[in-house]
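Chemist: Let me begin by handing over the structure; questions about it come next.
Taken together, the values in this text are just the output of simple stated rules run on the coordinates, not laboratory data. As the structure is a prediction and not an experimental result, all values here were calculated from the model. Ideal geometry is used to build each Cβ from the backbone, glycine not excepted, and the neighbour counts take in all protein chains shown.
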Amino acid sequence: MFIVISFMIIGVLVGFFLNNKLFNKTPVVITFLIWLLLLLLGIEVGSNKELIKSLGEIGIDALLITIGAVAGSVLFSWLLWKVIHREKPCKQKAANER
């Protein structure tokens, strides 16, 4: 866990001190890497014969947990996006209304 937190702190510091123009493609790279990780996870799960055999036993519980996790992630991502991108009152607009 220390390694993960260390990498996050290093990333924050690098992003803070370096020019933002260097990182204008970062969202594209992050999206690609997330899709790649999901593909690799799917390959790992699909190649695990023991896991595939036990899917019948895991069954509906695993499906419900998965659906809940995805729905929760989508919901809270949407809420966070709404909070971050909400319209801020403009000073000029407020001055015009006086």
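Chemist: Each residue of the range 50-55 in turn: what ³J(HN,Hα) in whole Hz from Karplus with 6.51, -1.76, 1.60 and θ = phi - 60°, glycine and Pro shown as x?
Modeler: 5, 5, 4, 5, 8, 4
Chemist: Right, next: Quick one: compute a quarter of the convex hull surface over the Cα atoms of the chain and quote it in nm². Please report the intermediate quantities before stating the final value.
Modeler: On the way: hull surface 45.9 nm².
Its average projected convex-hull area is 11.5 nm².
Chemist: How far is helix 26-47 tilted, in degrees, relative to the longest principal axis of the Cα atoms in the chain, given as a value from 0 to 90 rounded to the nearest 10?
Modeler: Helix 26-47 and the main axis of the chain meet at about 10 degrees.
Chemist: Given G42, G72, V29, which one lies farthest toward the positive end of the charge dipole of the chain, if we put +1 on the Cβ of every Lys and Arg and -1 on the Cβ of every Asp and Glu?
Modeler: Most positive-ward Cα: V29.
Chemist: So what is the calculated 222 nm ellipticity per residue for the chain, using -39500 (n - 2.57) for each DSSP H run with n of 4 or more, over all residues, to the nearest 500 deg cm²/dmol? Working shown, then result.
Modeler: Numbers: 5 runs with 79 residues, N = 98.
Value at 222 nm, helices only, nearest 500: -26500 deg cm²/dmol.
Chemist: Would you mind finding the longest exposed-site-free stretch of the chain, with exposed GluC sites (Glu not before Pro) meaning DSSP loop and at most 11 other Cβ atoms within 10 Å?
Modeler: Numbers: sites that count: E87, E97.
By the stated rule (loop sites, at most 11 other Cβ atoms within 10 Å), 1-86.
Chemist: Let me ask you something else. Once the principal axes of the Cα atoms of the range 1-53 are found, what is the range along each, listed largest first in whole angstroms?
Modeler: 50, 27, 8
Chemist: Here are some pairs, K21/K88; K25/K53; K21/K82; which of them have Cα atoms lying more than 31 Å apart in this structure?
Modeler: Values: K21/K88 26 Å; K25/K53 41 Å; K21/K82 26 Å.
Long pairs (Cα-Cα over 31 Å): K25/K53.
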